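Single-structure report; data block below.
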Amino acid sequence: MIRKYSKIILIGLVFIFLLFFSQLAGLYIDWLFFTETGYQGVFQTIVSAQALVGLLFGVCAFLWLFLNIGLTFRTPLPTIDIMFLGMTRITANLGNLNRFFKIIGLVISIVMGIFSAIWGSKVWNQAIIFHNAVYTGIKDPVLNNDIGFYLFRLPMWEIINSFAGFILFMSFCIVALSYILRGSLMFNRNRVFMGELAKKHLAALGGLFILKIAFGFYLDTFGLLYSQHGVIFGAGYADINGRLIALYILVVAAIITAVLFSVTVVSGRIKILIYSISALIFIYIVGFAIYPALLQNLRVSPNELAMERPFIEHHIKMTRFGYDLESVKVRPFDVSYNLTSGYIMKNQTTINNIRLWDEAPLYKTFAQLQQIRTYYKFNSIDDDRYMINNRYQQVMLSARELSYGDLPSKSWINEKFVFTHGNGVAMSYVNRITKEGLPEFLIRDIPPVSIVDLKITRPEIYYGEIVQDYVVARTKIPEFSYPTSEGNKYTSYEGTGGVRLDSFFKKAVFAFFFRTAKIVLSSEITPESRLIFYRDVTERIQKIAPFLMLDSDPYIVISKDGKLYWIVDAYTVSSMLPYSKPLKNRVNYMRNSVKAIVDAYNGGVSLFISDPKDPVISVYKKIFPGMFKSMEEMPEDLKAHVRFPRDLFKIQAAMYGTYHMEDPKIFYNKEDLWEIPVHGEKKIEPYYLIMKLPGEKKEEYVLLMPYTPAKRDNLAAWLAARCDNENYGKLVVYTFPRDRLIFGPRQIDARIDQDSYISQQLTLWGQRGSQVIRGRLLIIPIEASLLYIQPLYLAAEDKGGLPELRRVIVAYENDVVMEENLEQCLNRLFGGKKTPITTIDSTRDKASKKDLPELSKEAMKVFEKAKEFQRQGNWAGYGEELKKLEAILKQMTSR
C-alpha cells in the first residue's frame, strides 16, 4: 500500500516539476537580472510576497475543501442492488470504493489549492499595499473614510470577498455531490431528502455563503462612490438617499437570512427559508433598483442642479485632486498688440529657440541624412535643452539605434555577437536651416562629431527603445563598432551590464530560457562573456518596478562627461479614488512620482522620487526600502534635463478644460467649457518652448497647450507646465479676455489661406511635383502679445522625398507674412533694428578673439582634420570642416 501511494506521489511531483520548470528557470533568470541591477531586495520582497500570499490562499482553500470533503466521509457509502436483464440481481457494496473517493477528494483539494495559490500569487501587489497602507489625511466627502482606505485597502477586501465566494460555492457543490453519491441527498420529483449530517453540513455552508453576500452588500456601499451618472462620476442624490440606505438594510437582512437558512434547513421549516430569501430579493429589487429610479426621475431630474449640487462639488474637488490640478495658478493674460523690435530684442532667447522643425519631417530628414547605414534607425525625435557655449539652447535629438530587422546578413553570430549596439545621437537646432533647407546639426555622423562644446565620449548604445532581444558581449568575436571608408572598426564591451556566463549551469539555464542550444554549444563564449538582456529601457524598468506605469516617450540625454542616459517618466496610478472622473483605462488618480534613469551603456537603473507628497509612492517606499532615491541625489547634469512629461500634461490639460469650472452651476451648464484646439484634422499637441513667462525675470523651459471655448475657434486660455529647477511641475493657466477676439489656430489657418500671395505660392509649389507640408502652428506668447508661427516644408512626391524647410509664416494681429526664415518675417513685421537669429558657431566665436598667427594655426588644424575626414570617407564631416575653414579665412581677410 505504501508503495502504491509513493508511486502516485512521485508521479505527481514529477508532473509538477515539469509543469513549473520553465517558471523556475525564469525565476532564476530574474534573480540574475535583479542582482545585476542591484535590486536584489526588491526581487526578494516581490517573490516573498507572491509566495506568502499564494501559500495563504492555497493552504486556506486546500484545508477548507479537504475538511469539508472529509466530513462527508462520516456518511457511509450505500449498498445498491442492480437487476441485470431483469433476471439476475447484483448487489454492489460501494463501501469498497471509499478509499478511491478519499483519493479523489484529496486530488480535488490539492488542485483547488494550487489554483488558489496561483490566484493569490497574482494579487501580491494588492496584498502588500493592504499591509503597508498609510493615511492620507484626506477624507471622502460622503462616508468620511480616509482616502487611503480606498486606494490601499478596499481593492484587497474585494479580492478576499471574491475568493471567499468562489471557495464557498465550490465547496457547497462538491459537498452536495459527495452526499448524492452516498445517498444522503436525494431528489424525488418535487421533494428533497437529506440525511441529518448532510442537512447540518449544507445548512452551514449555505449560511456562510449568504453571510458572504452580506459582506458583499457592505462593500457595495463603498462602490457607490464610483457610480457613473450623466452629470457626475460618484454617488449622487439617489445613491445616497436611496441605494445606500437599501444596502445597509440588505446587510442586516442578509445576516438574518443566513441564520434562518442554517436553522430552517436543519429543522425542515422550508417555508420560513423561502420567505426570508424572498424578502431579501424583494428588498434588493425595490430598495436598490425601483425606489432610487423613482427618486431620480420624480425628484432629482426636475430639480437636478439643486439636488445634485453638493455631489457636483464633491466630483469637481476629487477630480482636481486625482489629476493634481488643485495647485494650478490662474493669471490673466490681457493681450495687447504693441510689440516692437525692441521687445523682440529683449526676448531674443525666446526668438532663438522657437521650434521650426516638427518631429515628423525632421524624423525623415534625420533618417535620410544621419542613419548612415540601413541597419541603424532613429526611433523618435526628442526635444530637450542644453547649455551650449554658455547659451541656453533648445535642441532636437535622436538616438541612433541598431535595427536587427534591417541587418544585411542575418545569422545567429551576427545578431548576437557582432552587431550588439547602436552608436551615438544626431542633434540639431530647433530653428536653424542650411541654404538647402535642411537642419543644421550640432552633433552628427559616426563616430559622433560635435561642432560645439557638447561632446560624446561613450557613444555605444546597448540599451534603447527598439532593441528587444539579447546579445552576448566580450566574446572571442570582435563587436562591430562603426563603418569607415577604409573598413569597419571593431570594439569589445567594457561595461558592467549583463550577466557573466562563467558557469555551464548559467549557460544551460539561459539556453533553456531563450530556447536555443547555441549558447551552450558556442566555443566563442568565454567565462568573461556577458549576456545582455532586457535591453528595452521600458521593459527593463517595468521588470524592476512592475507597479509603475511608464511614459510612452523615453528620451536620451548627454551627460556632462559625454555619456548617454535614458530618462523615463513613471507614474503611480489608481482607479479607486472616489468621485474622480476615470480615463478610458479606468485610471482616476495619477502622479508623475518617479523619474527613472537608465545608463545606455551599462544598463544601470536609478529611480528618483519626484513627487514625495504622493501617498502611493510613500507606500511603495515603505514596502521597498532603498529602492528609491530623492531628487537631491540625482546628478546635477542629468537633473538639468528633467522635463514635465507630455503624456501626463495632455491628460491634465484635457481634464482642466472642464474642471477649471469650480462653481457647480457653471459646471452643470458647461458655461465655460474649454477644448483642445484642432489644427488640420488633429488636436494640437503640447509643445516645449524656451520662453519668459509673463511676470517672470528670465527664460525657462516650459510645455504649452492652448485652449479654445467649446465649439468656438477663438482662444480662451493657454496652460503652461514649468520644467526648470525649483519651478518644476508648477502649472499656470493664462486666461484671455472675453470681451474681444483672440485668434485661434483655425482662424489663423483661414487667414493664411486667404492671403493671395501665400495661396498662390502654395499652389505653384504643388503643381511643380512637390509636396507642400504645412507644419504645426505654434502660438508663442511674447510679452503681452501673441505670435503665430507655422513652418512650410517641401518634399518630392515620392516616399523618399527629403523634407526641406523652405518658408516660415508668421501672423501677428492682422498681419500675415511669409519669408525664407523667421528673421526676415520678424523684420517685415516689426522693422527697426535688425533682429538676428543667433547661431551657435564655436569656430567663429573663438576666431573673433584670435590674432592672425593664431588664426593661421587654427586654419591649418581644421584643414588637416578635413583631410582626415576625406580619407575616412566621412563627407559630411569633411563638408563641416570646410565650412569652419571658410569662416576662419573670412576672419583673416577682415583683419
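The values are calculated or read from the model by the stated rules, or taken from the named source; none is laboratory data. Note that the structure is a prediction, hence the values are computed from the model and not measured. Glycine also receives a Cβ, built like all others from the backbone with ideal geometry; neighbour counts cover every protein chain displayed. Note: areas computed on protein heavy atoms with side chains; ligands, DNA, RNA excluded. Shrake-Rupley method; radii C 1.70, N 1.55, O 1.52, S 1.80 Å.
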Can you work out which of the residues in segment 846-862 that are surrounded by fewer than 16 Cβ atoms within 10 Å (Cβ to Cβ), of a type outside the set (Gly, Ala, Ser) and within 18 Å of Ile451 (Cβ to Cβ) is modelled with the highest pLDDT? Lys861
Could you check how many residues of segment 598-620 are among the hydroxyl-bearing types (Ser, Thr, Tyr), open to solvent by less than 20 Å² (accessible area, probe 1.4 Å), more than 30 Å from Asn423 (Cβ to Cβ) and part of a loop (DSSP other than H, G, I, E, B)? 0
Could you tell me whether segment 137-158 includes any residue that is in contact with a Leu (Cβ under 8 Å, 6 or more places away or on another chain), under 30 Å from Phe66 (Cβ atoms) and assigned to a helix (DSSP H, G or I)? yes
If we keep only residues of segment 434-448 that are among the β-branched types (Val, Ile, Thr) and either surrounded by fewer than 22 Cβ atoms within 10 Å (Cβ to Cβ) or within 31 Å of the chain's Cα centre (by Cα) (or both), then the residue modelled with the highest pLDDT is Ile443
For segment 622-640, the count of residues that are open to solvent by 20 Å² or more (accessible area, probe 1.4 Å), within 22 Å of Val537 (Cα to Cα) and not in a loop (DSSP other than H, G, I, E, B) equals 7
Scanning segment 763-787 residue by residue, those part of a strand (DSSP E or B), open to solvent by less than 30 Å² (accessible area, probe 1.4 Å) and either more than 19 Å from Asp815 (Cα to Cα) or not aliphatic (A, V, I, L, M) (or both) turn out to be Pro781, Ser785
Given the criterion within 30 Å of Asn190 (Cα to Cα) and open to solvent by less than 30 Å² (accessible area, probe 1.4 Å), identify the matching residue among Ala238, Ala253. Ala253
Among the residues of segment 186-200, is there at least one that is among the small types (Gly, Ala, Ser), in a helix (DSSP H, G or I) and in contact with a strand residue (DSSP E or B) (Cβ under 7 Å, 6 or more places away or on another chain)? yes
Given the options Val573, Val568, name the one that is assigned to a strand (DSSP E or B), surrounded by fewer than 22 Cβ atoms within 10 Å (Cβ to Cβ) and touching a Leu at 6+ places or on another chain (Cβ under 9 Å). Val573
Sole residue being open to solvent by 30 Å² or more (accessible area, probe 1.4 Å), under 30 Å from Glu823 (Cβ atoms), modelled with pLDDT under 95 and of a type outside the set (Ser, Thr, Tyr), chosen from Leu339, Leu369, Leu298, Leu305: Leu369
Scan segment 139-193 for residues that are closer than 30 Å to Trp124 by Cβ, without any contact (Cβ under 8 Å) to a residue 12 or more places away in the chain and of a type in the set (Lys, Arg) and report the count. 1
In segment 577-587, is there at least one residue being out of contact with any Cys (no Cβ under 6 Å at 6 or more places or on another chain) and not in a loop (DSSP other than H, G, I, E, B)? no
Please state which of the following conditions Phe172 fails to meet, knowing it meets all the rest: (1) assigned to a helix (DSSP H, G or I); (2) open to solvent by less than 40 Å² (accessible area, probe 1.4 Å); (3) touching a Phe, Trp or Tyr at 6+ places or on another chain (Cβ under 8 Å); (4) not β-branched (Val, Ile, Thr). (2)
For segment 643-762, which strands (runs of 3 or more DSSP E) that fit wholly inside it have 1 or more residues that are charged (D, E, K, R) and open to solvent by less than 60 Å² (accessible area, probe 1.4 Å)? 700-709, 717-722
Looking only at residues that are surrounded by fewer than 16 Cβ atoms within 10 Å (Cβ to Cβ) and touching a Ser or Thr at 6+ places or on another chain (Cβ under 9 Å) in segment 319-336, which one is farthest from Ala235 (Cα to Cα)? Ser336
Residue that is surrounded by the most Cβ atoms within 10 Å (Cβ to Cβ) [pool: residues in segment 532-551 that are assigned to a helix (DSSP H, G or I) and of a type in the set (D, E, K, R)]: Arg540
